[in-house]
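> My structure is below; once you've seen it, I'll send some questions.
The values are calculated or read from the model by the stated rules, or taken from the named source; none is laboratory data. Just so we're clear, the structure is a prediction, and the values are computed from it rather than from any experiment. Glycine gets a Cβ as well: all are built from the backbone with ideal geometry, and neighbour counts include every protein chain shown. These accessible areas exclude ligands, DNA and RNA; they are computed on the full protein's heavy atoms, side chains included. Shrake-Rupley method; radii C 1.70, N 1.55, O 1.52, S 1.80 Å.
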Amino acid sequence: MIPIRSALLGALLVALTHPALTETIPTRHFFDNAQVREMRIAPDGEHIAFTFESGSEVQLTVLDLESMQLTTAPFGFGDNQHVQDFWWASDTRVVMSVATVTGNLDTLQAGPRPLYAANIDGSRRQEIFGASNLAGYQVLHPLPDDPDHILIARYHLADEGEPSAMLLNVFDGRTRYLADSPDSRNVSAFIADNAGELRAAIEFIDAENFDEMEFNLFVKHDDQWRELQVDSERERPSITPLGFSADNQRMYFLSNHDMAENDRSGAFRYDFESGDLELLFRHPQVDVSGAIRGHDDEVLGVVSRFGPLTYAFFEDKAAEHPDARLLQQLARSFPENDVSLTSFSRDGKRAVLFVRGDRNPGEFFLFHTDKLQAEFLAATRPELPKERLSPMRALEIPARDGLNLHGLLTTPADAQQPLPLIVNVHGGPFGITDRWGFNPEAQFFAHHGYATLQVNFRGSGNRGEDFVRKGRRQWGQAMQNDVTDATRWAIEQGIADPERICIMGGSYGGYATLMGLITAPELYECGVGIVGVYDLVWFREGDGSDFSRGSDRQSRMAFERFMSSHVAASTDGLEAYSPVHLADHIEDEVFIVHGGSDVRVPVGHAERLRDALDARGKPYRWMLKQEEGHGFFDVDNRVELYDAVLAFFNDHIGE
């Protein structure tokens, strides 16, 4: 065991064996599979389970902390099967949630997500919840002190979406129903406390109109369920449970109920005994994004993100709770990184420490809390030399209507401004946000001399519901104006060379790329659209994506509700904001990239754009990988893609 600083020094010495500072870092080092995705320690502190990328899969295996040897061959489930989440059901058995993923931009995995369980030596591997159940599930609590069961909510087709609390046997998949629920036929989710007892439930009242949907919170006092009444300044506030105190007498949740406009989620505490509700923290600019927990599952504070993480420890925990004191010390020890303790042993003496930042893709340590010592375990991208990466800084950018936008700027180290600039637009678009931290695209382009600007336009997440709402029905309009305004701001600030700017993005970002070339041709020299939406009329009608092709009433209602509120009431007038229908206005060369197996944005969007450009003799480059989905997952394909994109940028805005 070695002190934290020594562990980091050891990692740095390994990095110094990488190519010399003057050599070009191979493209593969930026876009290779993550050697480790997530690590969690067993309740007895003797083993660590971790996930990692392998080919098209995300697999899981187990490490013995005494021998530092793997206890079993990796658990894999086939092509495009990803272990999305996992839990320690006991000291020696792991439960895994598996889903089919169709691309590296795929965040809405559809279809069944079976649960598997296995012992740490690989024995007794078993599907314990699968398609034969005709149901979905939510893991509520792993019940590590009950070696035979976990607590789940089962969503059966016959129950029309209403969950039933079940004990699920982790060896044979048998379930036992727990008759415990509020008096409502609209319950959509349960929340268990730290003892694995049901203590809260979410009620969802559906509606045809997006803004008429309701969410209510029920809490259980002793054996009685009651709706939590809050004095709300908003017609339909949001309430998101965070967790409980160690003794389960207080519940923490996020809400915006006390802000009539320009809302942001704050952290609240509800006392079951007194009924008191208290605001503990709200960031002045962004939403609270998560909880800080101790080894006893006590919620010690919360984190927010505008730039690096902001840690807010609650006053009654900051000085008294040993894990809160430890985490504050760790945060001070890594001032240019985000730190978190991802999991603890049952006694709190061992934890997994995760450190990451803009120039650190991520490192895992085994942390001994009683000795304040750390052992280096793994780096997510060990071949990428951190000392050669570039800084990212958070920005505030004014939009033309006075709205304050947040953005991120990554610039080559020690480079002289103005710089050639790539404006990289995120997908989604609603509720998604670009966050400070390691970004392989931004670092790759910075390594080759390009600055990257990312802007969280209206409609993006992390700024409250009202900010998201400002982006509704603004495709090609105010959302696009925000991207344009951010680009002009970078020119005005002397950051960007006005003659050397290109735009790129994936999914919605691909749409915004083409609309940028159309609406602001004087700004951009070229554009790269990756798995983008290009025919907005077809998109609104239903383009055959997995979201649009549901035939049951509930799926059709969800599709129409979203489209009418977030895209347009109908297809009328959408040609004016649809790249396929505006191809005459595209003057600069575009690079069209798509996966032939994309179920999120069908390849027909790329094909329609290509046909429109061909019909008008417009220049473009083309890359189609038939086996890929919504974003390229195969490493060789990613390397080929980014080498081609770099060559494209070099041709248009390189030296």
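> Answer yes or no as to whether Y137 is among the hydroxyl-bearing types (S, T, Y), open to solvent by 70 Å² or more (accessible area, probe 1.4 Å) and touching a residue at least 12 places away in the same chain (Cβ under 8 Å).
So Y137 does not fit the description; no.
> Moving on to the next point. I'd like the residue in segment 156-171 that is without any contact (Cβ under 8 Å) to a residue 40 or more places away in the chain and assigned to a loop (DSSP other than H, G, I, E, B) and, out of all such residues, is farthest from T92 (Cα to Cα).
Here the residue is E160.
> Now a separate question. Which of (1) buried (at least 19 other Cβ atoms within 10 Å of the Cβ); (2) farther than 30 Å from G550 by Cα does E655 not meet, given it meets every other one?
Single failed check for E655: (1).
> Residues of segment 255-303 being among the hydroxyl-bearing types (S, T, Y) and closer than 22 Å to S340 by Cα, which ones?
Hits for segment 255-303 are S265, S289.
> Across segment 196-217, what is the number of residues that are farther than 30 Å from L167 by Cα and not in a loop (DSSP other than H, G, I, E, B)?
So the count comes out to 3.
> Which number in (1) farther than 22 Å from Q285 by Cα; (2) more than 23 Å from the chain's Cα centre (by Cα) marks the one condition that L341 misses?
So L341 meets the others, but not (2).
> Next up: If a residue has to be open to solvent by 50 Å² or more (accessible area, probe 1.4 Å) and closer than 19 Å to L217 by Cα to count, how many in segment 261-288 make the cut?
The number of residues fulfilling the criteria is 6.
> Could I ask something else about it? Surrounded by fewer than 20 Cβ atoms within 10 Å (Cβ to Cβ), modelled with pLDDT of 95 or more and not β-branched (V, I, T): does that describe S54?
The answer is no for S54.
> A follow-up question, please. Mind listing just one residue for me: the one in segment 226-274 that is under 28 Å from the mean Cα position of the chain (by Cα) and of a type in the set (S, T, N, Q) and, of those, modelled with the lowest pLDDT?
Among those that are under 28 Å from the mean Cα position of the chain (by Cα) and of a type in the set (S, T, N, Q), it is S238.
> Is it the case, given these coordinates, that R556 is in a helix (DSSP H, G or I), closer than 30 Å to A158 by Cβ and among the charged types (D, E, K, R)?
Considered against the rule, which asks whether it is in a helix (DSSP H, G or I), closer than 30 Å to A158 by Cβ and among the charged types (D, E, K, R), R556 comes out as yes.
> State all residues of segment 303-331 that are among the aliphatic types (A, V, I, L, M) and within 21 Å of D434 (Cβ to Cβ); if no residue qualifies, say none.
Within segment 303-331, V303, L309 qualify.
> I'm trying to understand the selection: among the residues of segment 538-554, which are over 24 Å from the mean Cα position of the chain (by Cα) and either among the acidic types (D, E) or modelled with pLDDT under 90 (or both)?
E541, D543, G544, R549, G550, S551, D552, R553, Q554
Here is a yes/no grid of residues against (1) at pLDDT 95 or above; (2) among the charged types (D, E, K, R); (3) within 30 Å of the chain's Cα centre (by Cα):
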residue	(1), (2), (3)
D121	yes, yes, no
R125	yes, yes, yes
D148	yes, yes, no
D180	no, yes, no
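> Which fully enclosed strands (runs of 3 or more DSSP E) of segment 369-474 have 1 or more residues being touching a Leu at 6+ places or on another chain (Cβ under 8 Å), open to solvent by 10 Å² or more (accessible area, probe 1.4 Å) and acidic (D, E)?
Strands (runs of 3 or more DSSP E) meeting the threshold: 373-379, 392-398.
> Look at G173 and say whether it is open to solvent by less than 30 Å² (accessible area, probe 1.4 Å), at positive phi and touching a His at 6+ places or on another chain (Cβ under 8 Å).
Answer is no for this residue.
> Looking at L536, L582, L574, can you tell me which residue is aliphatic (A, V, I, L, M), touching a helix residue (DSSP H, G or I) at 6+ places or on another chain (Cβ under 7 Å), open to solvent by 20 Å² or more (accessible area, probe 1.4 Å) and over 30 Å from E655 (Cα atoms)?
Just one listed residue meets the conditions, L582.
> A further question follows. Select from segment 59-84 the residues that are under 21 Å from the mean Cα position of the chain (by Cα) and free of Cβ contacts under 8 Å to residues at least 40 places away in the same chain and write down the one among them that is farthest from P361 (Cα to Cα).
That would be Q81.
> Hey, could you check segment 585-637 for residues that are out of contact with any Gly (no Cβ under 9 Å at 6 or more places or on another chain) and part of a loop (DSSP other than H, G, I, E, B) and say which is most open to solvent (accessible area, probe 1.4 Å)?
E587
> What about R293, is it open to solvent by 40 Å² or more (accessible area, probe 1.4 Å) and under 14 Å from R463 (Cα atoms)?
no
> Would you mention how many residues in segment 76-104 are part of a loop (DSSP other than H, G, I, E, B), of a type outside the set (G, A, S) and open to solvent by 20 Å² or more (accessible area, probe 1.4 Å)?
7
> Can you name every residue in segment 512-522 that is part of a loop (DSSP other than H, G, I, E, B) and open to solvent by less than 10 Å² (accessible area, probe 1.4 Å)?
A520
> Could you say which residue among S188, S232 is of a type outside the set (A, V, I, L, M), closer than 29 Å to A558 by Cα, in contact with a His (Cβ under 6 Å, 6 or more places away or on another chain) and not in a helix (DSSP H, G or I)?
S232
> I would also like to ask the following. Residue by residue through segment 300-343, note down the ones that are open to solvent by less than 30 Å² (accessible area, probe 1.4 Å) and part of a strand (DSSP E or B).
L300, G301, V302, V303, S304, A312, D338, V339, L341, S343
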